[in-house]
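The structure appears below as structure tokens.
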Amino acid sequence: MSIVQALFLGALQGVTEFLPVSSSGHLALMKYFMDLEDVPILFDVILHVATLFVVIWVFRARVGRLFLALGHLITGKRNEEDNQNLHLILIILAATLVTGVLGLFLEGLDVGRFPRAVAALLVVTGLILLGAKRFSGNVDYEGIKLRHGLFTGFAQGLGVLPGISRSGITISAALASGMNRESAGEFSFLISLPAIAGALLLELRDVGSLLATVPPSSLIAGFLSAFIVGMASLVLLLRLIRRGKLYYFSFYLIPAGILGFILL
């Protein structure tokens, strides 16, 4: 893989990880067209880690409060605000558990080997976004319950399928469960943090084969590209969520998926 290819794939990851158009689906299709199908999945995971750092930075205030609550729990200095944050941590962990169980099962299907299936799932994502236009609840973090986490975590598990947008399906699920737009958007990315970290740990065994196909310079270029482009994409997405405009992306996904299904 050349530096130019890595820069392109990193930028593609940065855009598609946050905008609800499926990063894994676009990466799978572009690696197919660029004849890079032998690149280990660990490369994709590392690009996801770049966007994970974007999430940590953009939501640093919330992430900081969660870690502060854990620190207060350990030191015995817990207060009322800590109780709410610890409750949120438990819900995030419950969502992560559901994601992990379902994700491990679905990853075994290896859908990425079938470009037409990936294209068809892009259409599914578009239909999900159209359906989500109908939902907008009023539940924020003060009213969040286990059912919100489990439902959104299940949706995130489906997001491992290339062509299903993780951000799109989790935001849609959170909205459908009754969460308001701002909380749904933030919660979608909070539950991505342990999921991405777990995926990295699972794929580290392929680091040798990754370095055999992707030079360190290309790996660094892809990582930086994903981080920079991802930062701009997440800021844009949060604005669209607040305005209830996620369904706009269905006008791209559905035609693109149909075209891909016909051509591949």
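The values are calculated or read from the model by the stated rules, or taken from the named source; none is laboratory data. All values derive from a computational prediction rather than experimental measurement. We place every Cβ from the backbone using ideal geometry, glycine too, and count neighbours over all the protein chains shown. Side chains are part of the model used for accessible areas, which takes the heavy atoms of the whole protein and leaves out ligands, DNA and RNA. Shrake-Rupley method; radii C 1.70, N 1.55, O 1.52, S 1.80 Å.
Data for the structure
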| quantity | calculated |
| --- | --- |
| Some residue of region 2-17 being among the aliphatic types (A, V, I, L, M), touching a residue at least 60 places away in the same chain (Cβ under 8 Å), over 27 Å from residue 155 (Cα atoms) and open to solvent by 40 Å² or more (accessible area, probe 1.4 Å) | yes |
| Selected residue (criterion: most open to solvent (accessible area, probe 1.4 Å)) from residues of region 144-167 that are of a type in the set (D, E, K, R) and more than 13 Å from the chain's Cα centre (by Cα) | 147 |
| Matching helices (runs of 4 or more DSSP H) fully within region 165-224 where at least 2 residues are out of contact with any Ser or Thr (no Cβ under 8 Å at 6 or more places or on another chain), of a type outside the set (Ser, Thr, Tyr) and at pLDDT below 90 | 181-190, 192-203, 207-213 |
| Single condition residue 109 does not satisfy, out of (1) farther than 30 Å from residue 70 by Cα; (2) assigned to a loop (DSSP other than H, G, I, E, B); (3) under 16 Å from the mean Cα position of the chain (by Cα) | (3) |
| Residue that is assigned to a helix (DSSP H, G or I), open to solvent by less than 80 Å² (accessible area, probe 1.4 Å) and closer than 30 Å to residue 255 by Cβ, where the choices are 98, 49, 118 | 118 |
| Candidate set: region 74-95, residues that are among the polar types (S, T, N, Q) and outside any loop (DSSP other than H, G, I, E, B); chosen: the one farthest from residue 157 (Cα to Cα) | 75 |
| Near pairs, Cβ below 7 angstrom, 6+ apart or cross-chain, from region 226-252 (assigned to a helix (DSSP H, G or I)) to any residue that is of a type in the set (Asp, Glu) and surrounded by fewer than 19 Cβ atoms within 10 Å (Cβ to Cβ) | 242/182 |
